[in-house]
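Colleague: This is the structure I want to talk about, given as structure tokens.
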Amino acid sequence: MHRHTCFTLIFTFTMLLMMNACNSPSGQQTTGTPTNGQAVPEYAIVIHGGAGTITKANMTPEKEKAYTEALNKALDTGEEVLKNGGTALEAVEKTLMYLEDNPLFNAGKGAVLTNSETCELDASIMDGSDQNAGAVAGVKHVKNPIRAAIAVMKNSPHVMMAGTGADQFALEQGLDTVSNEYFFTERRLESIRKARAREEKTGMTGRRHDEKFGTVGCVALDKNGNLAAGTSTGGMTNKRWGRVGDSPIIGAGTYADNATCGISCTGHGEYFIRYTVAADVAHRMAYLGESVEEAANFVVNEKLDEKGGSGGLIAMDAKGNVAMPFNTEGMYRGYARPGERVVKIYKD
Ligand code: ASP
């Protein structure tokens, strides 16, 4: 080949390679640095304890302290697992079990009540390394629904089980089961009675705008670079007819994929189901090359907001970048990376 032609060919090829690198969607956003500007952390964890009308005005100092302590304890629980080399899945399981056992939150003990004064619990889990997933809906007896969701994922050929069958499966799996009354708290009994009285008076059903949601969720990144996400809830106060929200629905309330991010949502479930909120965040990252922060903010503050849905979500990519957007007045939330801890309740 003529020397000049050869040079031109090499030059053109190099230019094409460079242009391609600039246009690549991941090249644009994936800086490889977490939000704090440091290298990819050894591990990271982000949690939520529900969104809603959570303002300084309707919070007492004691309540604020109790929630802050609980969120910190939940982060401690997950960090402990991750620090010791545990998997993201184990960290999500242990963290959510702590939050389910804590009556402050609408999951496990302390869950909201249905119209017929029962607790019907939903939970889901997704492993970002292989996109395996498990979920239970409307369970009444398994003490920690997140464990049942994990059992569905690991020990059955299915992704989702509901109602008595799901409780039966949990029992067969050797998980702790309890009477339905175990989940009851005075506070939630009072709420359902008030909700029913209001309904009788006004004839209006459905969700009120001043409700707090209280679902719990967690996304973890382990030392092997794997993500996992999980969500657990009692659903909506005064729900009936076996209503199921977004929390146990993969792609709506929970999603995880190492290639994009892990997500857990909280809010008015019907909207999160219709707009497949969790999957939407991951898909925007995959197809548009958006960062986790851009994708999560767009989905919550533009799309969901425009459609009239209220709530929020937590999301984290495999580099430990965290996003925690919500369009309500507050969201119990926090994250931890080695040497770094943030816990927040209200809007900044
Ligand atoms: N998303 C849940 C549901 O609709 C409720 C919540 O997040 O508090 O069931």
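The values are calculated or read from the model by the stated rules, or taken from the named source; none is laboratory data. Since this is a predicted model, take the numbers as computed values, not measurements. Every residue, glycine as well, gets a Cβ built from its backbone with ideal geometry; the counts of neighbours run over all protein chains shown. In case anyone asks, the SASA skips ligands and DNA or RNA and just uses the protein heavy atoms, side chains included. Shrake-Rupley method; radii C 1.70, N 1.55, O 1.52, S 1.80 Å.
Colleague: Of the numbered conditions (1) without any contact (Cβ under 8 Å) to a residue 60 or more places away in the chain; (2) open to solvent by 40 Å² or more (accessible area, probe 1.4 Å), Ala296 fails exactly one; give the number of that condition.
Modeller: Every listed condition holds for Ala296 apart from (2).
Colleague: Now for a separate question. For the stretch 278-289, how many residues are within 16 Å of the ligand (Cβ to nearest atom) and surrounded by 24 or more Cβ atoms within 10 Å (Cβ to Cβ)?
Modeller: As a first pass, look at the stretch 278-289 and keep what is within 16 Å of the ligand (Cβ to nearest atom): 278-281.
In the following step, the residues that additionally are surrounded by 24 or more Cβ atoms within 10 Å (Cβ to Cβ) were identified as 278, 281.
The qualifying residues number 2.
Colleague: If you scan the stretch 320-330, which residues turn out to be among the hydrophobic types (A, V, I, L, M, F, W, C) and touching a Leu at 6+ places or on another chain (Cβ under 9 Å)?
Modeller: So the first thing to find is which residues in the stretch 320-330 are among the hydrophobic types (A, V, I, L, M, F, W, C), and the list is 322-324, 326.
Matches in the stretch 320-330: Ala323, Met324, Phe326.
Colleague: Determine, yes or no, whether Tyr67 is out of contact with any Lys or Arg (no Cβ under 9 Å at 6 or more places or on another chain), of a type in the set (Ser, Thr, Tyr) and either closer than 17 Å to Tyr335 by Cα or at pLDDT below 95 (or both).
Modeller: Values: out of contact with any Lys or Arg (no Cβ under 9 Å at 6 or more places or on another chain): yes; of a type in the set (Ser, Thr, Tyr): yes; either closer than 17 Å to Tyr335 by Cα or at pLDDT below 95 (or both): yes.
Criteria met by Tyr67.
Colleague: Under 7 Å between Cβ atoms, which residue pairs at least 6 apart in sequence (or on different chains) link something in the stretch 263-277 that is near the ligand (Cβ under 10 Å from one of its atoms) with a partner that is acidic (Asp, Glu) and not in a helix (DSSP H, G or I)?
Modeller: Short answer, once both residue conditions are applied: Cys265/Asp246; Gly269/Asp246; Phe272/Asp246; Ile273/Asp246.
Colleague: Also: Hey, among Glu306, Glu270, Glu340, which residue is closer than 18 Å to Ala135 by Cβ and surrounded by fewer than 20 Cβ atoms within 10 Å (Cβ to Cβ)? First the steps, then the outcome.
Modeller: Details: Glu306 fails: closer than 18 Å to Ala135 by Cβ; Glu340 fails: closer than 18 Å to Ala135 by Cβ.
Criteria check complete, one pass: Glu270.
Colleague: Could you identify the single residue in Met97, Met161, Met126 that is of a type in the set (A, V, I, L, M), under 25 Å from Asp317 (Cα atoms) and assigned to a strand (DSSP E or B)? Break it down into steps so the answer makes sense when it comes.
Modeller: On the way: Met97 fails: assigned to a strand (DSSP E or B); Met161 fails: under 25 Å from Asp317 (Cα atoms).
Checking each option against the conditions leaves just Met126.
Colleague: Do you know which of the residues in the stretch 162-188 that are over 16 Å from Gly235 (Cβ atoms) and of a type in the set (A, V, I, L, M, F, W, C) is surrounded by the most Cβ atoms within 10 Å (Cβ to Cβ)?
Modeller: Of everything passing the filter in the stretch 162-188, Ala170 is surrounded by the most Cβ atoms within 10 Å (Cβ to Cβ).
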